[in-house]
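The values are calculated or read from the model by the stated rules, or taken from the named source; none is laboratory data. Computed from a prediction, not measured in an experiment: that's the story for all the values here. We place every Cβ from the backbone using ideal geometry, glycine too, and count neighbours over all the protein chains shown.
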């Protein structure tokens, strides 16, 4: 269910609290990861690649993880 602050994660997600909005996960990432993620999406050369990167970011946030290129 969407909210003004972001999208809520479904009850079957990896979150302990399924009502935690994805924007809260975004806000928890360090500034360098957020900035790098936006740059990573922006530098995609094709629409298809850009969409795959956006999907990766959304899926990673839903699983409470950093996007693929920023995982430790």
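Residue check: is residue 53 in contact with a helix residue (DSSP H, G or I) (Cβ under 9 Å, 6 or more places away or on another chain) and touching a residue at least 12 places away in the same chain (Cβ under 8 Å)? Spelling it out, residue 53 is indeed in contact with a helix residue (DSSP H, G or I) (Cβ under 9 Å, 6 or more places away or on another chain) and touching a residue at least 12 places away in the same chain (Cβ under 8 Å).
Restricting 60, 13 to those that are surrounded by 11 or more Cβ atoms within 10 Å (Cβ to Cβ), in contact with a helix residue (DSSP H, G or I) (Cβ under 9 Å, 6 or more places away or on another chain), modelled with pLDDT under 95 and part of a loop (DSSP other than H, G, I, E, B) reduces the list to 13.
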